[in-house]
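Readers should treat all values here as calculations from the given coordinates under stated rules, not as data from a laboratory. Because the structure is predicted, anything quoted here is derived from the model rather than measured. As a convention, Cβ positions derive from the backbone with ideal geometry for all residues, glycine included, and neighbour counts pool all protein chains shown.
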Amino acid sequence: MSNLLTSESLQGRTLFAIPKKGRLYEKCLELLGGADIQFKRQHRLDVALVQNHNMALVFLPAADIPRFVGEGNVDLGITGQDMVAEAGDRVSSLITEELPLGFGKCQLQVQVPEASTSLKTVEDLVGKKVATSFDFLAGEFFAKLDAKVNEARSAKGEAEVKTKIEYVGGSVEAACALGVADGIVDLVESGETMRACGLHAIDTLLSSQAVLIRPTTPHKRSDTDLVNLIARRLQGVIAASKYVLVQYNTQKENLDKVLKITPGRRAATVSPLDDQGWNAVSSMVLRSDVANVMDALEAQGAHDILVVALANCRI
Ligand SMILES: Nc1ncnc2c1ncn2[C@@H]1O[C@H](COP(=O)(O)OP(=O)(O)OP(=O)(O)O)[C@@H](O)[C@H]1O
Ligand SMILES: O=P(O)(O)OC[C@H]1O[C@H](OP(=O)(O)OP(=O)(O)O)[C@H](O)[C@@H]1O
């Protein structure tokens, strides 16, 4: 295979857009590995041919992926739900959110200096300056708020006010300290960045996580079977990360009680043990519940409780 990537080498290939850097990048690579999508990304190249499928990966800024997917330039993409919303109704109406991916979880929040005595609610920011990289969503949010506040103001004969949305490309949290803005709209996960900058959140515009997206109307070039196959594989990897398999032995007289604790997704598998009076049980359990489930099983007399991680699954 030639090392040179040209539009000809992409011809006929299904195109899958992946964030080229940032918070979602590493997780996306793990996901692709789990789905056995094999590729080598050459230094400085934002396109990589997939070796075991008629597919190419295109590494793009997370913010551009909704538009490329919506307009059918690529057949599949991963980005944040925040980016889909920020792309606006025209683009998001062209996109189907195929699968929430369970990582890149964060919230888009309005933040103001914690020490401020005059800025306590979002209404206090009306007519002031707000810095953000999400100028569409923040613009929509404050336009509605402006309208509400202005209705009350006009009833009192007061002049209209308009909140000024100031676009900044990054390090948004610095805007208040630098005097560029009175408040900001930015993403919060742990809240560490916000607190380190002396800010606190006073409202939430949306909650977001990474999502697999595809064009609602596939491009005529698109290989729908391959797109569906990849989506199913990714779904398997995500499900495997959410669940574990719990296996244990129980006396038959306790079976009803332990099956209430581990009912399984469809039903638990119950097998005889080579010891009359005992059964072996295996059941899928949400990873986040597993410690509580083990405690409860032990309290009901279950023995030899094992938790097995799933490398992959189809459910
Ligand atoms: N702190 C965070 N925790 C979890 N997910 C986040 C966090 N910050 C951002 N994200 C998610 O990752 C996406 C990409 O954000 P990121 O800050 O990595 O952007 P980027 O594309 O690297 O751009 P830039 O570095 O220029 O800001 C966001 O749209 C959001 O969905
Ligand atoms: O609540 P926290 O866990 O502190 O995360 C929030 C921070 O993460 C994102 O920025 P990132 O670190 O990705 O860099 P950026 O500012 O360059 O976008 C976001 O813009 C916040 O600054």
(request) Please name whichever of A267, W278, V290 sits farthest to the positive end of the charge dipole of region 243-309, dipole taken about the Cα centre and charges placed at Cβ: Lys and Arg +1, Asp and Glu -1. (result) A267
(message) Let me understand region 106-208 better: what is its radius of gyration from the alpha carbons, and its Dmax, in angstrom?
(response) 13.3, 44
(request) Excluding residues on the same chain fewer than 8 positions from K257, give the lysines whose Cα lies under 25 Å from its Cα. (result) K242
(request) Once you have the Kirkwood Rh of region 243-309 from its Cα pairs, apply Stokes-Einstein at 10 °C and 1.306 mPa s and quote D in µm²/s. (result) 137
(request) For the chain, count the residues as N, evaluate 2.2 N^0.38 Å, and divide the Cα radius of gyration by that value, please. (result) 1.30
(request) Arrange the peptides 210-219, 280-289, 259-268 so that the one whose residues have, on average, the most other Cβ atoms within 10 Å appears first. (result) 210-219, 280-289, 259-268
(request) Calculate how steeply helix 135-155 sits against the longest principal axis of the alpha-carbon atoms of the chain, using the helix alpha-carbon long axis, and give the answer as 0 to 90 degrees to the nearest 10. (result) 50
(request) Give me the net charge of R195's neighbourhood, meaning all other residues with Cβ under 11 Å from the Cβ of R195; Lys, Arg count +1, Asp, Glu -1. (result) -3
(request) Starting from the Cα gyration tensor of region 1-120, take the square roots of the eigenvalues, sort them a ≥ b ≥ c, and report rounded, prolate or oblate (rounded when a/c is under 1.5, otherwise prolate if a/b is larger than b/c, else oblate). (result) prolate
(request) Quick one: check the C-alpha center-to-center distance for region 23-82 versus region 220-237, whole angstrom. (result) 13
